[in-house]
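Following: one structure in structure tokens, then a few remarks.
Laboratory data are not the source of any read-out in this text; all were calculated from the coordinates shown. Everything numeric in this text was worked out from a predicted model, so none of it was measured. All Cβ positions, glycine included, derive from the backbone under ideal geometry; neighbour counts span all protein chains shown.
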Amino acid sequence: LRIPSGKPAAAMPSRFPGPHDTENNNFLVEAVFRSDAGKGGSVLVSCLGERGYELGVDAAGAIQFRVKADAEATVVSPASVVDGRWHHVIAECDRKGGALRLYLDGRRVAETPVALRGSARHDGELRVGRGADSATAFSGGLDFLRIALGTLADSKTTIEELYAWQFDGPFLRDFTGRKPTGPRAAGAIDAVK
């Protein structure tokens, strides 16, 4: 999905139940994105008002994940991602463990202790590519977006395992384990020597 600067973002009402409806649960937001060089201060996904969450790129170009329930907490990555390259991010809200975490390109890069009480449910729109303010419009590419209830630990996995599966998993090879050299049907044998 190419999101040009200043164009409208995708939005949908959040009144129907789904993983975006975080209530009092652990949850994570995962994305594969490329931010146009020089474009900080933008939002990848937002379900935020008086309560809710938002994942974006702050003015300095760092990943920022905000969660609001009865209190607000934020975790920020130490480095800029506004470099025109593709990045994989997981922003995790571990309410039971008392932490917000950021994983960037297969590594945990930031963790902030939190004590979030009350519901984080937002009854407004779930927005992709901007927040409530149109000035936060994201400019770049979004290849993958997932909002899921639970954390990596709740799923009995690690960032290393998830990253290896998604970016070097068996679905990227033929039945013999070779990487494809051109277009092929899923699971076919690419070449036999």
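The figures follow:
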quantity	calculated
Alpha carbon convex hull of segment 2-156, projected area averaged over orientations, nm²	8.1
Between segment 27-92 and segment 119-149, the alpha-carbon center distance in angstrom	9
Karplus-derived 3J(HN,Hα), 6.51/-1.76/1.60, for each residue of segment 145-160, Hz, glycine and proline x	9, 9, 10, 9, 6, x, 10, 4, 5, 4, 8, 6, 9, 10, 5, 5
R0 of 25 Å, Cβ-Cβ distance ARG117-ALA60: FRET efficiency to nearest 0.05	0.25
THR158, THR176 arranged by Cβ crowding within 10 Å, fewest neighbours leading	THR176, THR158
Inter-site label distance for ASP168 and VAL76 at 7 Å from Cα along Cβ, in nm	3.3
